[in-house]
Amino acid sequence: MKKVATAYVFTCTLLIISIWCGVAIGSVHIPIEVLWNQSVDETAANIFWKIRLPRVLLAGLVGASLAIAGAAFQGLLKNPLADPYTLGISSGASVGAVMTIFFNISIPVVGLYALPTFSMIGAIITMVVVMSFAKIVDRSLKMETLILTGVIFSSFLGSLISLMIALSGEELRQVIGWLLGSVSMRGWPYVQMIIPFVIVGSLMLWTQRRELNVLLYGEERAKHLGVNVKRSKYLILVGGSMLTGAAVAVSGTIGFVGLVVPHMTRMIWGSDHRHLLTLSFLNGATLLIICDLVARTIILPRELPIGVITAFIGAPVFSYIFYKQRRGKGVRA
């Protein structure tokens, strides 16, 4: 119990520090006094409330969404290499979002939420197709089969995105800028856009935290222990795809967060999903806030796409996990 309390205190402290660093550090330094007295520096106060704070919150929400989705997928599939990026779900969400931009699709009923809605639909469809195809090829759903299936569908979906880019006119700059992955200049409307999906998707996964622990021992044993396996799978897949679709819709494709964060959290604090999901959520927010801070300050006054930073971190970790798997030493989900 002491270890769990330490984990939450440490994780929350790290998140609070990263949030303040994210809003305070940049081309303009933000003094802490602007939190309670905007007249200290009105320019800094405007930057804080209108640019920095929504950007940091959006980065945190995107990172948290991808991380908790990755943790749930890894637990469901009993595979530490499973995440929205490697399974092709991010690519499916990207196709849904790019189609919305390309065809200028708008739905009067949902209004602002058309982009994340179509992105989420793309993510869910891709997840179902990838899992179904992988199961046809290999009923045991081995790691190699899932990853290769994800790569195949990512390549195909990437070609659809390339086709739309080639055919686009005025939308080209918007599509390209969105695909690079960024939370720059998004503002409060994008924070409002993602929050409902984060709340609903995270709750869907969190309600399955105990079921995920039981599913680690196999579906048959889970059924004997009273778990409704079909219902749990449905909730986890839909919840994870919803979070991925919403994250991709507001920030573009940002890879490896859902792979790195759950793996590192599991290594440090253990694999109990009752705490792993929440800790991954918090750590994912921290990681992406820090990555965004690095992306916008490392080559001032220019700014790197945030996906570049996450790839630099994620690719070596992905290689390490894959190496451990192939060497047979095992990295348990």
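Would you confirm whether any residue within region 35-44 is surrounded by 24 or more Cβ atoms within 10 Å (Cβ to Cβ) and among the β-branched types (Val, Ile, Thr)?
No, because not a single residue in region 35-44 is surrounded by 24 or more Cβ atoms within 10 Å (Cβ to Cβ) and among the β-branched types (Val, Ile, Thr).
Sort out which residues of region 221-259 are of a type in the set (Ser, Thr, Tyr) and either under 30 Å from residue 289 (Cα atoms) or open to solvent by 10 Å² or more (accessible area, probe 1.4 Å) (or both), and write them in order of number. Give the steps one after another, and end with the answer.
Restricting attention to region 221-259, the residues satisfying the condition of being of a type in the set (Ser, Thr, Tyr) are 232, 234, 241, 244, 251, 253.
Within region 221-259, 234, 241, 244, 251, 253 meet the criteria.
Could you check residue 265 against (1) open to solvent by less than 30 Å² (accessible area, probe 1.4 Å); (2) within 29 Å of residue 113 (Cβ to Cβ); (3) modelled with pLDDT of 90 or more and say which number it fails?
(2)
Hey, any hits in region 6-25 for a residue that's part of a loop (DSSP other than H, G, I, E, B), open to solvent by 10 Å² or more (accessible area, probe 1.4 Å) and modelled with pLDDT of 85 or more?
Within region 6-25, one or more residues are part of a loop (DSSP other than H, G, I, E, B), open to solvent by 10 Å² or more (accessible area, probe 1.4 Å) and modelled with pLDDT of 85 or more.
Pull up region 45-59, narrow it to residues that are out of contact with any Gly (no Cβ under 8 Å at 6 or more places or on another chain) and not aliphatic (A, V, I, L, M), then point me to the one that is surrounded by the fewest Cβ atoms within 10 Å (Cβ to Cβ).
For region 45-59, the residue satisfying everything is 46.
Could you go through region 80-89 and let me know if any residue there is open to solvent by 30 Å² or more (accessible area, probe 1.4 Å), within 24 Å of residue 293 (Cα to Cα) and out of contact with any His (no Cβ under 9 Å at 6 or more places or on another chain).
Yes - at least one qualifying residue is present in region 80-89.
The values are calculated or read from the model by the stated rules, or taken from the named source; none is laboratory data. As the structure is a prediction and not an experimental result, all values here were calculated from the model. Heads up, the Cβs are rebuilt from the backbone with ideal geometry, glycines too, and the neighbour counts pull from every protein chain shown. Surface areas here come from the heavy atoms of the whole protein model, side chains and all, with no ligands, DNA or RNA. Shrake-Rupley method; radii C 1.70, N 1.55, O 1.52, S 1.80 Å.
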